[in-house]
Amino acid sequence: MMTDQSVSKDKRESILEAAASLFLKEGFFKVTMDMVAEKAGVAKGTLYLYFKNKDELFASVIQSRVQRIVEEARGVVDASRSLDELIDNLFVFANKFVDEIGIYKGTRERFMELPVEVRKKIMKRTPERVKKFNTYIGKKVKGFVPGIRMKPEYIGEIILTLTIRSSILGEKGFRDAVKRFIKTGLKKEEI
C-alpha cells in the first residue's frame, strides 16, 4: 500500500528527473519553473511545495545525482575481488559517470555566474563526500596491494582522477598504466 510519504517521495523524484533532463538539455539559465512543472506533469504550485525556487531545485538535482553516483560506485568497489577487477570496474563505471554528470553541461564553465545560494548548496557537502569516497576506494586498493604507503584518501583520489580522465579521453593502454602505477608506484625514470 502506498503511503502519503511514499507518494510524496515519488513525486519529488519525478520532479527531480524532469528538472535534470531539462537542465541537461537547456542549461540552468534557460530552464523555468513552468517548464519543469509541465515536464513533470504537475501543477506549478505543486512544484513549489517541494522546492522554493529554481536555485533550490537545481541544487537538489545535483545533490541527488552525486548521491546516486556515490552509491553506485560503492557497489562497484565492493563487488571487486582483485585489483585488476577493481580498476576494470572503475573504468566501466567512469564511462557511465561521465554521461551521468552531463547535468553540469554549460554550468561548470559558468559556475561562478550561478546565484551564490545555489553554489553554496551544491558545494555544502560535496568535498566531504568526495574525500570519504576517495578514502573508501584507497582502503580497498590497500587491501589488494598492502605495500602502498600512501594515505587511502590520496590513493583513491589518484585512481578516480585517472579513471575519469581516461574514460573521457578514451586512451588505449591507460587502464594498464593505472594498474602498473598502483602496483609499482611512479619510478623516477618514468617522470
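The values are calculated or read from the model by the stated rules, or taken from the named source; none is laboratory data. This one's a predicted model, so the numbers in the text were calculated from it and none came from an experiment. Please note: Cβ atoms are built from the backbone with ideal geometry, for glycine as well, and neighbour counts cover all protein chains shown.
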I need a count of the residues in segment 69-89 that are touching a residue at least 60 places away in the same chain (Cβ under 8 Å) and within 13 Å of the chain's Cα centre (by Cα). 3
How about segment 50-85: which of its residues are in contact with a Ser or Thr (Cβ under 9 Å, 6 or more places away or on another chain) and hydrophobic (A, V, I, L, M, F, W, C)? F51, F58, I62, V66
Among (1) in contact with a Lys or Arg (Cβ under 9 Å, 6 or more places away or on another chain); (2) outside any helix (DSSP H, G or I), which single condition is Q63 missing? (2)
Just the residues that are surrounded by fewer than 17 Cβ atoms within 10 Å (Cβ to Cβ), closer than 14 Å to I62 by Cα and among the charged types (D, E, K, R), please, taken from segment 117-136. E117, R119, K120, K124, R125, R129
Given the criteria at pLDDT below 85, surrounded by 13 or more Cβ atoms within 10 Å (Cβ to Cβ), of a type outside the set (F, W, Y) and closer than 20 Å to E71 by Cα, does K139 qualify? no
Mind checking which residues of segment 143-174 are at pLDDT 80 or above, charged (D, E, K, R) and surrounded by fewer than 17 Cβ atoms within 10 Å (Cβ to Cβ)? K151
Under 8 Å between Cβ atoms, which residue pairs at least 6 apart in sequence (or on different chains) link something in segment 121-136 that is more than 16 Å from V76 (Cα to Cα) with a partner that is in a helix (DSSP H, G or I) and among the aliphatic types (A, V, I, L, M)? K121/A59; I122/A59; I122/I62; T126/V66; R129/V66; R129/V70
